[in-house]
Amino acid sequence: MRILITGSNGLLGQKLVQLITEQSRHELIATARGENRLPYEKGYEFESLDITNQQEVMDVVGKHKPDVIINTAAMTNVDQCETEQEDCWKLNVTAVDNLIEASKKQNAFLLQLSTDFIFDGEDGPYNEEAEANPVSYYGESKLAAEKLIIQSKIDWAIARTVLVYGIAHDMSRSNIILWVKKSLEEGKEIQVVDDQWRTPTLAEDLAKGCLLIAEKKAKGIFNISGDDLLTPYEMAIKTAEFFNLPQTTMTKSDSTKFKQTAKRPPKTGFILDKAKRELGYTPHSFEEGIKVLAEQMKK
Ligand SMILES: NC(=O)C1=CN([C@@H]2O[C@H](COP(=O)(O)OP(=O)(O)OC[C@H]3O[C@@H](n4cnc5c(N)ncnc54)[C@H](O)[C@@H]3O)[C@@H](O)[C@H]2O)C=CC1
């Protein structure tokens, strides 16, 4: 199978490239805006691709004729989406339309990544049929992209995910585990919210879930996240316990104390029954996820 990935420099993109090249079962075309910033070059072809450029999308997809396109590229900074709405829409919605058109022309299966932020967070955890009601512009844009795909006449899947954590090859991305570990090691005072719930997702699990969908060409919406419903404070406690760090400088807080540009849904998290049943998806627990990161940090 020929798989084309957009946003291959992003966190999920990197993990997908790693997973697919390690398995070497598929032909891979890794694309990203600008230069290839991946540290390894074997086992895949690289193509520069800005998905907001309609002609470029048509040309690259037309040249490589993939069986499956996995669109990981997006504007993922929730506050930035709130302040730069035009750019957010261009990348998170209009560019998806470019991919739909290219998929239609080449008869490719399109897998789009989406988010728990399409929900208002009043009654999580959610299954795939729950009613969306975004409270941020980011959530609105990702929901609009879902609608475009659902209404299209192509073969499609949507993988929705939640709070992805993992180690990018250049350590460019922080996450709650790295932040808590570093802060407690330095004896820094930190406040961690205990009134938001998520099912945090190990980036490697998300990559596996996406590949399962691609290999099966499983159509429809799939929740692909971790399975443990936790508050950030609970995640922080588990992190401190794992690394055997003193918790004296860490205090419980609530989200009203933090001023953020975009509103966050209080309680999301996903029910994974469908992905487990139909894809054989089996995510790590949060503790196992910390262990995976700890191993990667040693390298
Ligand atoms: N990271 C998270 O916690 C969550 C992520 N998601 C979704 O999962 C998907 C993957 O997320 P991450 O890998 O964490 O995001 P990321 O921010 O690490 O990667 C996004 C990639 O898109 C690329 N990109 C930006 N503009 C582009 C353009 N015009 N053309 C081509 N590429 C462009 C960026 O360079 C970056 O490499 C996204 O669709 C996101 O909305 C959903 C829920 C939570």
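The values are calculated or read from the model by the stated rules, or taken from the named source; none is laboratory data. All values reported here derive from a predicted model rather than from experimental measurement. Methodologically, a virtual Cβ is constructed for each residue, glycine included, from the backbone with ideal geometry; neighbour enumeration extends over all protein chains shown.
Points to keep in mind about this one:
- Residue within segment 102-110 that is under 19 Å from Phe222 (Cα atoms), at pLDDT 95 or above and within 14 Å of the ligand (Cβ to nearest atom) present: yes
- Residue within segment 140-151 that is in contact (Cβ under 8 Å) with a residue 60 or more places away in the chain and either part of a strand (DSSP E or B) or surrounded by fewer than 18 Cβ atoms within 10 Å (Cβ to Cβ) (or both) present: no
- Residue that is surrounded by the most Cβ atoms within 10 Å (Cβ to Cβ), among those in segment 1-34 that are within 12 Å of the ligand (Cβ to nearest atom), assigned to a strand (DSSP E or B) and of a type in the set (Val, Ile, Thr): Ile5
- Contacts under 9 angstrom Cβ, first residue in segment 170-187 being surrounded by fewer than 18 Cβ atoms within 10 Å (Cβ to Cβ), partner basic (Lys, Arg), 6 or more apart: Asp170/Arg37; Ser174/Lys182; Lys182/Lys188
- Filtering segment 232-260 to residues that are of a type in the set (Ser, Thr, Tyr) and surrounded by fewer than 18 Cβ atoms within 10 Å (Cβ to Cβ) leaves Thr248, Thr249, Thr251, Ser253, Ser255, Thr256.
- Some residue of segment 274-291 being surrounded by 14 or more Cβ atoms within 10 Å (Cβ to Cβ), within 30 Å of Lys147 (Cβ to Cβ), of a type in the set (Lys, Arg) and within 16 Å of the ligand (Cβ to nearest atom): no
- Selection of segment 217-238 for residues being assigned to a loop (DSSP other than H, G, I, E, B) and among the small types (Gly, Ala, Ser) yields Ala218, Ser225, Gly226.
- Evaluating Ala214 against the criteria (1) in a loop (DSSP other than H, G, I, E, B); (2) of a type in the set (Gly, Ala, Ser); (3) surrounded by 19 or more Cβ atoms within 10 Å (Cβ to Cβ) leaves one unmet condition, (1).
- Segment 241-276, subset in contact with a Lys or Arg (Cβ under 9 Å, 6 or more places away or on another chain) and part of a strand (DSSP E or B), residue farthest from Gln80 (Cα to Cα): Phe270
- Per-region count, segment 161-188, residues within 16 Å of the ligand (Cβ to nearest atom), among the charged types (D, E, K, R) and in contact with a Lys or Arg (Cβ under 9 Å, 6 or more places away or on another chain): 1
- Residue in segment 60-72 that is at pLDDT 95 or above, in contact with a Leu (Cβ under 7 Å, 6 or more places away or on another chain), within 8 Å of the ligand (Cβ to nearest atom) and not in a loop (DSSP other than H, G, I, E, B) present: yes
- In segment 35-59, the residue that is farthest from the ligand (Cβ to nearest atom) out of those that are touching a strand residue (DSSP E or B) at 6+ places or on another chain (Cβ under 9 Å) and at pLDDT below 95 is Gly43.
- Meets criteria (without any contact (Cβ under 8 Å) to a residue 40 or more places away in the chain and either near the ligand (Cβ under 10 Å from one of its atoms) or among the aromatic types (Phe, Trp, Tyr) (or both)) for Asp87: yes
- Residue match in segment 77-84 (condition: modelled with pLDDT of 95 or more, more than 10 Å from the ligand (Cβ to nearest atom), of a type in the set (Ser, Thr, Tyr) and out of contact with any Leu (no Cβ under 9 Å at 6 or more places or on another chain)): yes
- When Phe286, Phe270, Phe242, Phe258 are checked against the criterion of being in contact with a Leu (Cβ under 7 Å, 6 or more places away or on another chain) and hydrophobic (A, V, I, L, M, F, W, C), Phe286 stands alone in meeting it.
- Single condition Gln191 does not satisfy, out of (1) outside any strand (DSSP E or B); (2) more than 12 Å from the ligand (Cβ to nearest atom); (3) surrounded by fewer than 24 Cβ atoms within 10 Å (Cβ to Cβ): (1)
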